[in-house]
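Notes follow the structure.
The values are calculated or read from the model by the stated rules, or taken from the named source; none is laboratory data. This is a predicted model, so every value here is computed, not measured. Here the Cβ positions follow ideal geometry from the backbone for every residue, glycine too, while neighbour counts run over all protein chains shown. Please note that ligands, DNA and RNA were not included when accessible areas were found on the heavy atoms of the full protein model with its side chains. Shrake-Rupley method; radii C 1.70, N 1.55, O 1.52, S 1.80 Å.
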Amino acid sequence: MTQKNRLDGGLIDRSETFSFRFDSQYYKGHKGDTLASALLANGVRLMGRSFKYHRPRGPMTAGSEEPNAIVELREGTRKEPNTRATTAELYDGLRANSQNRWPSLKFDAMQVNDLLSNFFAAGFYYKTFMWPAAFWEKVYEPIIRRAAGLGSLSTQDDPDGYDKGFLHCDLLIIGGGPAGLAAALTAGEGGARVILCDEDFLIGGRLNLETYAVGGMEGAAWAAETVARLQAMPNVRVMPRTTVIGAFDHGIYGAVERVSDHLAVPEDGKPRQILWRITSKRALLCAGATERPIVFENNDRPGIMQASAVRAYANRWATTPAQQVAIFTNNDDGHRTASDLLAKGVEVVSVIDTRADAPTSSDYDVVAGGVIDQTWGRLGLTRIEVKMPKGGIRRIKCGALGVSGGWNPNVHLTCHQGGRPVWNEALAAFVPSGTLPPGMTVAGAATGVFSTHSALQSGAEGAKAILADLGIKASALALPGAEDTPVRITQFWHVKTAKRAWVDQQNDVTAKDIKLAHQENYVSVEHLKRYTTLGMATDQGKTSNIAGLAIMAEVAGKAIPEVGTTMFRPPYTPTAMGVFAGRAWGMDTKPTRLTPSHTWAEEQGAVFTEAGLWLRAQWYPKPGETHWRQSCDREVIQTRKSVGICDVTSLGKIDVQGTDAAAFLNKVYCNGFAKLPVGKVRYGLMLREDGIVMDDGTAARLAEDHFVVTTTTAKAVQVYRHLEFVRQCLCPNMDVQMISTTDAWAQFAIAGPNSRKLLEKVVDDGVDLSNEAFPFMACGEITICGGLSARLFRISFSGELAYEIAVPTRYGDALVRRLMQAGEEYEVVPYGLEALNVMRIEKGHATANELNGTTTALNLGMGKMVSKAKDSIGSKLSERTGLNEADALKLVGLKPVNPDHKVPAGAHLMTKGTEVIATNDQGYVTSACYSPNLGCHIALGFLKSGDTRIGEIIRLVSPLTGVDHDAEVVSPHFVDPEGDRLRA
Amino acid sequence: MIINHPLLGPRDSSEFVYLGDASLLNRPDWQADDALEQFIDYGHTRDNPAGLHRELWYHEQGDRSWLVVTRNTVTHEITSVELARDVARTEGRFE
């Protein structure tokens, strides 16, 4: 294929030729091309199909506002749907596919929708897919889903990395056109820390797209020279390929840098994109302006484009959509395109100007006061029909039509903090209002000053004012000479006779749809938008919103500013989810905390599970064990028979010190702590202020003014936060200090009848572990293994004679190995979370399943623990009537009547003989397991008045899983209810 | 958002955890005759102003200070940042 529409000149590098493929066809292009410009050079105008009617479409623009030419870029795992061909930078080997068509772009079966368009008017879905309700899920939704959508996902993991970064500056300049460059020069030379971002890979904005001279040289050359000067300044960071996507609170801007999108594969170690959070003292928005179309009959054929895009393709990319081009304009800028095309040797067949007083030309034909009546060409424009000012139709052959309806300042970022743009009648455009994001000012075409001279001037002056505000002295920039053409425009929005005139080309919204919405009383702009979907496509209405508003104003008989404007929200352009995620996906969404015995446990072949941020051993399979239950049952039995070891480091540990430490704990636990003797541990129940249980744990008193508090693994962070709240906000005068020591101590539970004997082998001489010297709930600081400081607590979660021993974390690995070695003669087993869970259920100890954010001390059978003799967090509100009903839920044990039956956690409890309906609900199962000691499944649960219903046979139902059988209500303490083993 | 920490200077809001209305500093006296009513009000009743709002933020990824931040809920402008402990002391917490 030859590049038959390639022109001379331009800013492409002809020394580098790239081969690329679009659908099944191979083409050639050059470095500096976009996918769209390269396809146009090869004579390809048809690049996509519209969303609803599958109309054939080509590029309408040469930039990021593109509604039509959106493609699937790249293939395989790197496939990216809905990518604008107008911004996709060409590289050698690029692969792109058209989307939303079947079987091919030229013949799309779904274009039948277009013939049925009378049925698919605005609100079609709302009106049609209403009833019967049963049809929604089975019939309507699959139909809509199959027909809708644009590109498809690869459904595979993205192999590339995305990063996040933080930048700080005095001045962020958004946009590198004439205003942005003049501002950057001024601020850069003044010594301010400047960041200049531009979404394009070639900085210069319209200077690269126009033929204007700046300072006696070509505009593009001036831009290149200026960028080189800026890049040489150490205080200026120039960021091409970087789109500022949002203006956030306090001068923070989000920006996406496309580091590798212009490469087939990112360079080694480089991410595909980076999401920058830029904290700026001030920002200057120099985002330029976007040309808007005029709406007329069949204005969507491939080849019908913004006039400014046609000349951008000619001037920068040395290509034209066709050799014969017509122009349709309501302002002088359209004529600019005509003269630029002529200079490039493209035939300008006619300039149709809606204004009766249109400028005349000796170089090209001008129809003053004419409008486009109709266009022809199914897959690409072939002919236009012009309604002449004095009546009659003139047919003109052409392959492209440049349309200029005036320019809209790109005000989007000015609206991200709630500002609304204001209407400027002279420019016939919305310009930024006085309500800007704090710290932002606007310069250049984004404010509605459109000439090159005024853009340079407003950029330079804007920067100077900002620097003065920051106390930095900047000298005035010697402005290079540039054109200063005034704007001459007569508002003209749409050709009224049109039947199918497209306003929003990506979402296929016509002028008729807007009129219909008005007829149906959708008078607010926001309602219009949602009813017709105007402006709701991936281009967010950059080329369509204003025309839509103008048509709505017309049918409502109002002025445009009376109709209002829709809000602009971040992101400015479509942004990949991947860059928001950054490196945070899979296991990297959060930190992974490893217990001190992790390496050792891996060596034992442990299976791990996530517990909060922690990885904890779940069970330790032995050779021959094929099911987790085999390992778990063995660990439970051996621990209860002899001794087992479990890493409990992940439980939260908080060191609390100070003369008021005891008073402080008395405040945060509902039970008393003031009188706990030194050398003793006490179980503590912590309530939220609303009387619901927050957490439980133990507090060990190591000295008069020194406690070690433990929390559950899951709540360690919240409990610490809460304790700091109580300390700083509620008890600011107490002498109490604390710090989290969870990571500082490795802690192991040693449980089972032989636990004392095992421990005696590792403690140093003189440490007396006898029941008399170190009874149940004792604690103390000891030494082990020949002088290593350790903390010993005689506490038990399993219900056995048990200890927890803590050593500085760095000794944790050595300690578990030593303990295992010392325990060999007792056939010690390591046990994991599953066995720990079974043993605590057998013992009736509550954990997160029971402390589930809805339960009180009363529910847990610990109502009497809430001391009324003192003030503690939550004690007052636990007295609320609703929490103290006579039939309140109580913790019970449950045993299936048939020992073969399982008990599903989450099953509900029903009184025998009652109907299974919510009002008869008597409670629910919180924890269930198979008990190898009892030889059947057992469970814990909450049952209304459960403490008085021991012995009752109750119905256990789980309609979701089809379970419905009988269980006996028993004490939650299945094993050793009197606690003799603990005290042995 | 940027919170100007009274001890550490300007810090990104992502370092903080938000709790809510600073009226939580005014915990009632548990021995008052109408203590239960007061606690219900303390626990559940909040103003929801469009404008200045005093609220509690916790510098969890920092020095673990609780702060009272005065923020305009409409504009997110922050006009004052104080250590909650200082506020609690000035407002007469006796404990």
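Do we have any residue at all in the range A:647-657 that's under 30 Å from A:Ala547 (Cα atoms), open to solvent by less than 20 Å² (accessible area, probe 1.4 Å) and of a type in the set (S, T, N, Q)? Checking the range A:647-657: not a single residue is under 30 Å from A:Ala547 (Cα atoms), open to solvent by less than 20 Å² (accessible area, probe 1.4 Å) and of a type in the set (S, T, N, Q).
Residues are listed down the side, and each one gets a yes or a no for (1) surrounded by fewer than 21 Cβ atoms within 10 Å (Cβ to Cβ); (2) without any contact (Cβ under 8 Å) to a residue 24 or more places away in the chain:
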residue: A:Arg272; (1), (2): no, no
residue: A:Thr279; (1), (2): yes, no
residue: A:Cys286; (1), (2): no, no
residue: A:Ile304; (1), (2): no, no
residue: A:Pro321; (1), (2): no, no
residue: A:Gly334; (1), (2): no, no
residue: A:Ala343; (1), (2): yes, no
residue: A:Asp363; (1), (2): yes, no
residue: A:Gly369; (1), (2): yes, yes
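I want to confirm something. Restricting to the range B:23-38 and keeping residues that are facing chain A (nearest Cβ under 8 Å) and without any contact (Cβ under 8 Å) to a residue 12 or more places away in the chain, which single residue is surrounded by the fewest Cβ atoms within 10 Å (Cβ to Cβ)? Once the filter is applied, the top-ranked residue is B:Gln31.
Of the strands (runs of 3 or more DSSP E) contained entirely in the range A:919-970, those carrying at least 2 residues that are open to solvent by 60 Å² or more (accessible area, probe 1.4 Å) fall at A:963-970.
Of all the listed residues (A:Gly684, A:Gly697, A:Gly691, A:Gly679), the sole one being farther than 26 Å from B:Asp63 by Cβ, among the small types (Gly, Ala, Ser) and out of contact with any Lys or Arg (no Cβ under 8 Å at 6 or more places or on another chain) is A:Gly684. For the range A:964-983, the criterion of being closer than 18 Å to A:Tyr924 by Cβ and out of contact with any strand residue (DSSP E or B) (no Cβ under 9 Å at 6 or more places or on another chain) is satisfied by no residue at all. If you go through the range A:20-34 and keep only what is surrounded by 12 or more Cβ atoms within 10 Å (Cβ to Cβ) and among the small types (Gly, Ala, Ser), you end up with A:Gly29, A:Gly32.
Within the set A:Val525, A:Val495, the sole residue that is under 30 Å from A:Asn100 (Cα atoms) and free of Cβ contacts under 8 Å to residues at least 60 places away in the same chain turns out to be A:Val525. If the condition is being of a type in the set (A, V, I, L, M, F, W, C), within 14 Å of chain B (Cβ to nearest Cβ) and either closer than 30 Å to A:Ala501 by Cβ or open to solvent by 30 Å² or more (accessible area, probe 1.4 Å) (or both), then the range A:243-270 contributes only A:Phe248. When A:Arg530 is tested against (1) modelled with pLDDT of 90 or more; (2) closer than 30 Å to A:Glu199 by Cβ; (3) surrounded by fewer than 21 Cβ atoms within 10 Å (Cβ to Cβ), just one condition goes unmet, and that condition is (1).
Here B:Thr90, B:Thr45 are screened, and the one residue that is within 10 Å of chain A (Cβ to nearest Cβ) and either touching a Cys at 6+ places or on another chain (Cβ under 9 Å) or loosely packed, with under 14 Cβ neighbours inside 10 Å (or both) is B:Thr90.
Every condition in (1) outside any loop (DSSP other than H, G, I, E, B); (2) surrounded by fewer than 20 Cβ atoms within 10 Å (Cβ to Cβ); (3) under 32 Å from the mean Cα position of the chain (by Cα); (4) of a type outside the set (A, V, I, L, M) is met by A:Arg629 except one, and the failing one is (3). Helices (runs of 4 or more DSSP H) fully within the range A:537-609 that include at least 3 residues being open to solvent by 30 Å² or more (accessible area, probe 1.4 Å) and at negative phi: A:545-556, A:577-581, A:598-603.
A Cβ distance below 7 Å, combined with a sequence gap of six or more or placement on separate chains, defines the contacts here; from the range A:457-468, residues that are farther than 11 Å from A:Ala184 by Cα reach residues that are open to solvent by 30 Å² or more (accessible area, probe 1.4 Å) and assigned to a helix (DSSP H, G or I) in the pairs A:Ser458/A:Thr447.
Selection of strands (runs of 3 or more DSSP E) fully inside the range A:698-752 by the criterion of at least 3 residues being within 14 Å of chain B (Cβ to nearest Cβ) returns A:737-740. Condition check for A:Ala443 on (1) out of contact with any Cys (no Cβ under 8 Å at 6 or more places or on another chain); (2) closer than 22 Å to A:Ser280 by Cβ; (3) open to solvent by less than 50 Å² (accessible area, probe 1.4 Å): one failure, at (1). The combined condition, being closer than 20 Å to A:Thr290 by Cα and modelled with pLDDT of 95 or more, is fulfilled by A:Ile174. Part of a loop (DSSP other than H, G, I, E, B) and in contact with a Lys or Arg (Cβ under 6 Å, 6 or more places away or on another chain), is that true of A:Val916? Considered against the rule, which asks whether it is part of a loop (DSSP other than H, G, I, E, B) and in contact with a Lys or Arg (Cβ under 6 Å, 6 or more places away or on another chain), A:Val916 comes out as no. Taken as a whole, the range A:677-687 holds no residue that is at pLDDT 95 or above, within 14 Å of another protein chain (Cβ to nearest Cβ) and either open to solvent by 20 Å² or more (accessible area, probe 1.4 Å) or outside any strand (DSSP E or B) (or both). Among the residues of the range A:200-249, the ones that are in contact (Cβ under 8 Å) with a residue 12 or more places away in the chain, part of a helix (DSSP H, G or I) and out of contact with any Lys or Arg (no Cβ under 6 Å at 6 or more places or on another chain) come to 13 in all. A:His908 passes every criterion in (1) open to solvent by less than 40 Å² (accessible area, probe 1.4 Å); (2) modelled with pLDDT of 95 or more apart from (1). Does B:Val68 satisfy being surrounded by 14 or more Cβ atoms within 10 Å (Cβ to Cβ), under 23 Å from A:Ile739 (Cα atoms) and either more than 7 Å from chain A (Cβ to nearest Cβ) or modelled with pLDDT of 95 or more (or both)? Yes, satisfied. Considered as a group, the residues in the range B:1-22 that are facing chain A (nearest Cβ under 10 Å) and open to solvent by less than 70 Å² (accessible area, probe 1.4 Å) include one that is nearest to A:Gly874 (Cα to Cα), and that residue is B:Ala22. Please determine whether any residue of the range A:209-230 is farther than 18 Å from A:Ser458 by Cα, among the hydroxyl-bearing types (Ser, Thr, Tyr) and within 14 Å of another protein chain (Cβ to nearest Cβ). No. For A:Ile637, the test of being crowded, with 24+ Cβ neighbours inside 10 Å and either part of a loop (DSSP other than H, G, I, E, B) or more than 14 Å from chain B (Cβ to nearest Cβ) (or both) is failed. State the number of residues belonging to the range A:856-905 that are open to solvent by 10 Å² or more (accessible area, probe 1.4 Å) and in contact with an Asp or Glu (Cβ under 6 Å, 6 or more places away or on another chain). So the count comes out to 3.
Scanning the range A:821-855 for residues that are open to solvent by 30 Å² or more (accessible area, probe 1.4 Å) and over 39 Å from the mean Cα position of the chain (by Cα) yields A:Gln821, A:Glu824, A:Glu825, A:Tyr826, A:Glu827, A:His845.
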